[in-house]
1. If A:GLU306 satisfies all but one of (1) at pLDDT 90 or above; (2) within 19 Å of A:THR443 (Cα to Cα), what's the number of the condition it fails?
2. Look at A:GLY272 and say whether it is within 27 Å of A:PHE367 (Cα to Cα), part of a helix (DSSP H, G or I) and within 12 Å of chain B (Cβ to nearest Cβ).
3. Within segment B:180-196, is even one residue among the polar types (S, T, N, Q), within 14 Å of another protein chain (Cβ to nearest Cβ) and either surrounded by fewer than 20 Cβ atoms within 10 Å (Cβ to Cβ) or in contact (Cβ under 8 Å) with a residue 40 or more places away in the chain (or both)?
4. What are the pairs with Cβ atoms under 8 angstrom where one residue, in segment B:57-82, is under 27 Å from B:GLN273 (Cβ atoms) and in the same structural domain as B:VAL35 (by TED's automatic domain parsing) and the other, located anywhere, is of a type in the set (Phe, Trp, Tyr) and in a helix (DSSP H, G or I)? Sequence gap at least six, or different chains.
5. Among the listed residues A:PRO83, A:PRO76, identify the single one that is surrounded by 24 or more Cβ atoms within 10 Å (Cβ to Cβ) and not in a helix (DSSP H, G or I).
6. Within segment B:143-157, count every residue that is more than 19 Å from A:ASP468 (Cα to Cα) and of a type in the set (Lys, Arg).
7. Identify the residue in segment B:152-179 that is free of Cβ contacts under 8 Å to residues at least 40 places away in the same chain and over 23 Å from the mean Cα position of the chain (by Cα) and, among all such residues, is nearest to the other protein chains (Cβ to nearest Cβ).
8. For segment A:184-204: of the residues being of a type outside the set (A, V, I, L, M, F, W, C) and within 9 Å of chain B (Cβ to nearest Cβ), which is nearest to the chain's Cα centre (by Cα)?
Amino acid sequence: MFDQLMEALNMVLQWQNFFWALFGVTFGIIMGAIPGLSDNMAIVLLLPFTYYLGPIPGIAMLMGLSKGANFGGSIPAILFNIPGTPQAMITTFDGYPLAKSGKSGKALKTALFASVTADTASDLVLIFLAAPVASVALRIGPPEYSMILLFSLVIISLAASGSPCRGLIATCLGLLLSTVGCDPEMGTPRFNFGFIELAEGIGIMPMAIGLLAFSEVLLQAESWYRDRRSGKKLEEVRLSTRGTDADRLTPAEMKQCLPTIARSTLIGSFVGIVPGIGTTVGAYLSYIWSKKKSKHPEMFGKGALEGIAASEAGNNAVNGPNLVPLVTLGIPGNLAAALILGGFMIKGLIPGPQFMESNAPLLYALFIVLLISNLYTFVVGGAFIRCARKLVSIPKPVLFSVVPMFCLIGSYVNNSSLFDIWLMLVFGVLGYALTKLRISLPTMIVAFFLGSLLEHKMRQSLLISRGDWTVFLDRHIACAFLLLTVAIILLYIVRHGFGQKKQA
Amino acid sequence: MNKLLSSLLVGTLLLFGTAPDAQAAFPEKPVTIVVSFAPGGTGDLTVRMLANPLEKILGQPVVIVNKGGGAGMPGFEYVLKSKPDGYTISAPGVGACISSAMFLRNKTYNFDDMTLVGGYILLDRILLARPDKPYKTWQEFIDYVKAHPGKVSVGSGASQEATEVLRSFALKNGLDINFVMYKSGGEASADLIGGHIDACELGVGTAAYQAARKGELNVLLNLGLSDVPDIPNVPKLHTDLGHPFYASLSYGFVLPKGTPEDIRATWENALKQALADPQIQQNMLKAGLTPKFISPAEYRSMLDEATQNLVKLVEYIKTAKK
């Protein structure tokens with residue numbers, strides 16, 4: 001163990017690793033901070049390049065990228081209400097209101113502090129608890145998976161927005177959109193309206209960019225135009241003054257956020273164990289739970305520090321456990337993990353059950369690199385916050401023309417397909433209309449994320465049981481989540497009735 | 001070899017024979033390999049493994065562009081429509097596109113509309129099960145299915161073709177199996193190792209195959225044509241058991257129709273040389289892939305056969321279901 005650790009340190013302590021991790025974090029923050037360009041895109045762009053580096057520097061860069069982008073996405077979410085990456089969309093709930101009240105510095109620093117703390121904690125989960133986490137992950141088969149997804153969907157549609165009716169509409173819309181593409185069982189195309197581009201479903205990037213970034217630009221441009229015509233003074237995000245309390249996170253506030261971060265790390269890590277659910281759901285569930293636990297839930301959505309902390313901690317905590325199946329079984333849990341696997345394979349190293357035994361030092365080196373990237377995110381992110389504050393002074397007309405441009409680029413580059421640009425524009429307009437109808441876009445996107453997984457896993461369960469629905473009751477974990485879901489619905493009805501009442 | 005020599009000879013003659021307006025030897029600028037899948041998959045990785053030696057052999061940088069989505073077809077057809085000058089080439093998708101075109105669009109490709117360079121890997125599908133199951137061999141598995149009709153579930157690591165091949169065998173032999181489709185080999189491997197399904201069909205080179213190499217999973221059946229690296233005595237569905245269909249994916253390089261013969265020959269030669277690189281051989285074998293050069297003529301007949309088989313398979317299942 002000690003020898004292997006020393007060997008790992010020997011591999012890591014080289015200037016290339018530090019340089020490429022730094023490069024990755026910096027590039028990741030920039031890509032994350034530009035709405036329309038995301039972490040996955042940054043990874044794909046730089047991937048060919050990593051093959052020319054050794055395995056450790058290549059992975060250092062990839063991990064730096066994904067960690068950097070994860071934080072970077074919260075910068076425009078807080079400053080402009082436009083999430084830079086889909087996983088930052090929950091951060092807009094409280095980040096933007098706080099920034100509008102003149103505390104942009106405080107909001108950004110809370111996001112950074114929560115991101116890095118939760119990310120480090122989740123990496124420690126990966127390093128020390130990989131084996132137990134993997135054994136839990138293997139127990140989650142299709143029936144368990146379905147019920148966990150159902151549980152998440154119900155929580156999100158009931159608790160997320162003020163009105164459960166609108167929440168359900170948003171969820172149903174998302175589920176409906178997720179049925180476009182291919183039948184998961186038969187492989188036959190369905191609801192694709194004759195477009196071969198829709199054969200694999202609606203692209204998540206064009207959709208998220210359209211709904212989150214492009215529609216927000218439309219909304220803000222409209223209100224800016226209206227305000228200008230009526231001669232009203234514009235509601236602007238004001239710069240927080242340097243050195244004041246509005247610009248920093250006081251130790252008291254840090255302490256106040258810690259329980260929230262701990263809780264969110266727990267939720268995020270659990271979400272990370274179940275592959276495919278993703279960072280956005282981690283953030284959303286953490287946010288909802290923190291709101292429930294908070295002593296002043298009425299502050300959520302109006303600039304609560306815990307809201308920002310919950311969202312950012314929740315999405316970053318997903319990343320560590322997401323690597324567990326890769327490390328233990330050689331099965332990648334997300335895109336970054338798939339690319340790490342590829343990086344190893346090109347060098348003739350095959351992750352799999354025997355990887356841990358035969359390449360232990362390399363694995364330790366990977367872990368050390370993860371922690372280094374976290375440190376970099378903290379340092380570089382801090383530096384970026386200083387510059388990013390000035391972004392607020394960009395004139396609105398300039399911002400409204402630059403962001404759509406990046407939206408176009410961002411939706412194009414993933415598949416180099418013009419179709420995706422049209423898709424993004426359609427979703428931009430749809431997002432505008434839905435926001436006007438006060439239907440929660442994040443809820444809809446999360447339902448879309450989970451919808452195809454839920455269908456897929458439910459049909460798998462029913463195929464295994466040959467159409468016997470008791471399969472969801474026979475399995476302990478599945479049954480527990482089903483009962484929990486029912487209990488939450490009943491509790492909700494008892495507390496709020498069926499009518500559409502304002503939630504506390 | 002004769003063909004190669006003659007094409008080299010023709011190439012040389014062309015070079016010197018038409019001296020005044022002679023073309024410089026191909027390639028004189030970087031070449032682009034269009035991979036019709038997202039980066040990180042097995043197909044993409046094999047191309048990237050080959051890119052290094054190809055660069056050395058061709059003497060020009062090799063650029064890899066990923067055009068994923070649409071089950072590999074849009075990226076593949078993009079190359080077929082591009083300029084036939086040898087600078088844009090498709091890999092490794094042609095084999096996969098045949099079956100996705102069949103199942104998604106109900107159409108077939110005509111191989112006269114493209115210039116084949118050659119194949120380089122045959123990727124077999126295998127059936128795996130956990131060692132704690134009561135069946136250790138294919139025969140025992142069949143007996144088990146017969147004793148437990150409708151209770152046995154077999155997963156598929158996202159190969160529609162392999163599932164249909166297994167389904168055709170089950171229909172023919174009266175086996176009552178629940179087939180469960182997965183979105184990727186990784187997802188299916190996790191459920192197989194976790195014991196949620198009774199057996200699973202996956203490609204060689206996946207995580208589950210690596211587990212089988214270590215003895216943590218049993219290989220019951222080979223759905224393909226070549227031997228499974230490192231795991232001996234696996235019966236082959238087509239050759240050993242006489243079933244009319246098989247599931248084996250071929251990776252290869254394809255140029256647009258109308259590419260000059262000397263340029264095609266340069267590519268063929270480069271691919272052949274790259275595959276002879278001992279480092280490539282070693283890395284691919286480690287991953288469970290068997291690299292082997294397949295000549296254009298041989299590749300053509302393989303692809304034709306695969307296409308005909310798919311048409312037959314679809315018909316076979318239609319009639320058997322009635």
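1. So the condition that A:GLU306 fails would be (2).
2. no
3. yes
4. B:LYS67/B:TYR78
5. None of the other options fit; the residue is A:PRO83.
6. 1
7. Restricting to residues being free of Cβ contacts under 8 Å to residues at least 40 places away in the same chain and over 23 Å from the mean Cα position of the chain (by Cα), the top hit is B:ASN178.
8. Among them, the one singled out is A:GLY203.
The values are calculated or read from the model by the stated rules, or taken from the named source; none is laboratory data. For clarity, every value in this text was computed on a predicted model and none was experimentally measured. Because the Cβ atoms are built from the backbone with ideal geometry, glycine has one as well, and the counts that use them run over all protein chains shown.
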